[in-house]
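These notes are about the structure you will find just below.
The values are calculated or read from the model by the stated rules, or taken from the named source; none is laboratory data. Owing to the predicted nature of the structure, the values given are computational and were not obtained by experimental measurement. Using ideal geometry, Cβ is built from the backbone for each residue, glycine included, and neighbour counts are taken over all protein chains shown. Side chains included, ligands, DNA and RNA excluded: accessible areas come from the protein's heavy atoms. Shrake-Rupley method; radii C 1.70, N 1.55, O 1.52, S 1.80 Å.
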Amino acid sequence: MGLKNFRESSLCLVNGNFITLNPGKPRAEAVAIHDGKIIGVGTSKEMKSLFDNKVKTIDLKGKTVLPGFTDCHIHILGFGAMLNMLDLKGVKSIEDIKERLRREAQRKSRGAWIVGHGWDDSTLAEKRLPTRWDLDQAAPDNPVTLMRVCGHISCVNSKALELAKINAETESPAGGKIDKDSETNEPTGIMREAAGFMILNLVSLGDEDYALALKLACEEAVSKGLTSIHCMPILDQAQEFQGRVFQTLLMRGELPLRVYLQIPEACLSSIMDLGFYTGFGNPRLKIGAIKIILDGSLGGRTAAMLEPFSDDPENRGILIYDEQKLGEIVKKAHIAGFQLAIHCIGDRAAGVALDAIEEALREKPKEDHRHRIEHASVLNKELIKRMKKLGIVASVQPPFIVSDGRWMLDRVGEKRAQYVYPFKSMLKERIKLAAGSDCPVEFMAPLPGVQAAVLREVTPEYTFIPEERVSVEQAIRMYTLDAAYASFEENIKGSIEIGKLADMVILSDDPMKIPPNKIGEIEVEMTIVGGEIVYSK
């Protein structure tokens, strides 16, 4: 094979420790790349022989190379937008929230929106949700909306409620709840699920705002070793899908990674009218699944549960669509050729979603549909067996084990906790697991996610359901080869093999060899997408 005249589009990586995830050649020393694809895997001498000595060659000096990571559940545009929002992660009290909000209001002009995110009531000293009256004390003249870390609950102030024309007579929207004072019936400022959009839809961003947000977020993503993302959708203030911003960056040459773009259910009819379905596009940007949000979160106690929350015995969460409506949407999307990605945190939501998928498959059988349950947080033995039978892909978030493990036993009790994030149980049933972060709920760093799946350590003293630990290789596959399976792309990426896309990440250490509690500390040295270096430390 002679490539002596193709220097510009070629790259040779030598003297490395390549973990290929190809069972036919699990380890290698070098890789040859041409026109964005892998053309050789072997020894350094073999790969060098494919080119002349003027081709760009990188001596890896023993560094470890993995297939590029994929984050299978990320709100990349939301993360980018939040880079310019008030960051409330790590606050320890409502007084802390008020102080940060007070400083932000001083920085903003009177009447300007203040949007924040990241507070977590489980870590607040007051052990309660903040209210409109708390926020009014800090920013009475600015409309304020502050999203909980999970994104499923917001706290807003009186000015925001006034602009949204929400008062004691306002009814909660379908799929959401406006919390009201038990004596006065006045809104408390807590907006759950769909109710939050009644406020957020008033906050305006322009096309260039979104473009800048996406560019900044993608730069952060590649620095963490991500070469592909399965991007969850965002709707703007007019309930329009912000998909065009991805095309904008692609045309500008500013989209450094691959995007599998999930489409919000609200846009299903529109995209069907155009004749598109899952897979339309190219390896850099393509249409993915139809995303349906069926319930809420465990942290916000809005996940749809079969039995009430252990620490809230009157509450079984929120089912955003009833069984009939969900069945109609799922059937419509399935028949039109779309993959489904259904957000299910609670076990009740998972059962309803599986019922809808089963009915759609009964009407139009399709063996390789790869419909997905996003999160699959609380399951049981019967639900897992149904997922296996139906060929469901579980899109899971290993970092949740660490962040939620602190309070999970209180929330669901010991019996149900045995099937919270049950990764090993699902793998035993040969269910494909694809991993992600749910960023900005968690940070978009795959290596800490690998560590979380392997150790399930909440603290050095406390391990959450250790029986559900997985091996290092299984965890890596969740972010690579099995992630590619979740987007029908395992034949073109996810492992280091001849003919596949040259997407790789170069690491400071070998995750297979260092102590598992050090995996999250491994540094990304370089990220390569399609043979192009998109990040170098």
Considering the stretch 191-218, residues that are of a type in the set (G, A, S) and open to solvent by 20 Å² or more (accessible area, probe 1.4 Å), and then whichever is nearest to R258 (Cα to Cα), we arrive at G206
Test E307 against the criterion of being of a type in the set (D, E), touching a residue at least 24 places away in the same chain (Cβ under 8 Å), open to solvent by 30 Å² or more (accessible area, probe 1.4 Å) and closer than 26 Å to D209 by Cβ, and give yes or no.
no
Matching residues in the stretch 192-218 - criterion: being of a type in the set (A, V, I, L, M, F, W, C) and not in a helix (DSSP H, G or I):
L202, V203, L205
Checking I290 against (1) surrounded by fewer than 24 Cβ atoms within 10 Å (Cβ to Cβ); (2) in a strand (DSSP E or B), the condition it does not meet:
(1)
I'd like the full set of residues that are touching a strand residue (DSSP E or B) at 6+ places or on another chain (Cβ under 8 Å) and among the β-branched types (V, I, T), limited to the stretch 379-433.
I392, V393, V396, I401, V402, V412, V420, I431
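Condition check ((1) touching a helix residue (DSSP H, G or I) at 6+ places or on another chain (Cβ under 7 Å); (2) over 14 Å from L298 (Cβ atoms); (3) of a type outside the set (F, W, Y)) across all residues:
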{"residue": "I384", "(1), (2), (3)": "yes, yes, yes"}
{"residue": "P398", "(1), (2), (3)": "yes, yes, yes"}
{"residue": "I401", "(1), (2), (3)": "yes, no, yes"}
{"residue": "W407", "(1), (2), (3)": "yes, no, no"}
{"residue": "Y421", "(1), (2), (3)": "yes, no, no"}
{"residue": "S425", "(1), (2), (3)": "yes, yes, yes"}
{"residue": "L447", "(1), (2), (3)": "yes, yes, yes"}
Give the stretch 50-76 a look and list any residue that's crowded, with 24+ Cβ neighbours inside 10 Å and in a strand (DSSP E or B), or say none.
V65, L66, P67, F69, T70, D71, C72, H73, I74
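For the stretch 219-231, check the following and say yes or no: at least one residue is among the hydrophobic types (A, V, I, L, M, F, W, C), in contact with a His (Cβ under 7 Å, 6 or more places away or on another chain), buried (at least 20 other Cβ atoms within 10 Å of the Cβ) and under 30 Å from V505 (Cα atoms). Explain how you work it out, then say what you get.
Our first condition is that a residue be among the hydrophobic types (A, V, I, L, M, F, W, C); within the stretch 219-231, this holds for 221-222, 226, 229, 231.
Adding the requirement that they be in contact with a His (Cβ under 7 Å, 6 or more places away or on another chain) leaves none.
Within the stretch 219-231, none of the residues are among the hydrophobic types (A, V, I, L, M, F, W, C), in contact with a His (Cβ under 7 Å, 6 or more places away or on another chain), buried (at least 20 other Cβ atoms within 10 Å of the Cβ) and under 30 Å from V505 (Cα atoms).
Would you mention how many residues in the stretch 116-135 are of a type in the set (K, R) and in contact with a strand residue (DSSP E or B) (Cβ under 7 Å, 6 or more places away or on another chain)? Working first, answer last.
Here is the first cut: in the stretch 116-135, the ones of a type in the set (K, R) are 127-128, 132.
Add one more test, that the residue is in contact with a strand residue (DSSP E or B) (Cβ under 7 Å, 6 or more places away or on another chain), and what stays is 132.
Total meeting the criteria: 1.
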If you check I290 against the conditions, is it in contact with a Pro (Cβ under 9 Å, 6 or more places away or on another chain), of a type in the set (A, V, I, L, M, F, W, C) and without any contact (Cβ under 8 Å) to a residue 60 or more places away in the chain?
yes
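Looking only at the stretch 442-489, which residues are hydroxyl-bearing (S, T, Y), more than 20 Å from K428 (Cα to Cα) and surrounded by fewer than 24 Cβ atoms within 10 Å (Cβ to Cβ)?
In the first step, residues of the stretch 442-489 are kept if they are hydroxyl-bearing (S, T, Y); the result is 459, 462-463, 471, 479-480, 485, 487.
If we keep only those that are more than 20 Å from K428 (Cα to Cα) as well, we get 459, 462-463, 487.
Result: T459, Y462, T463.
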If E46 meets every condition in (1) open to solvent by 60 Å² or more (accessible area, probe 1.4 Å); (2) touching a helix residue (DSSP H, G or I) at 6+ places or on another chain (Cβ under 9 Å); (3) of a type in the set (D, E) apart from one, which number is that one?
(2)
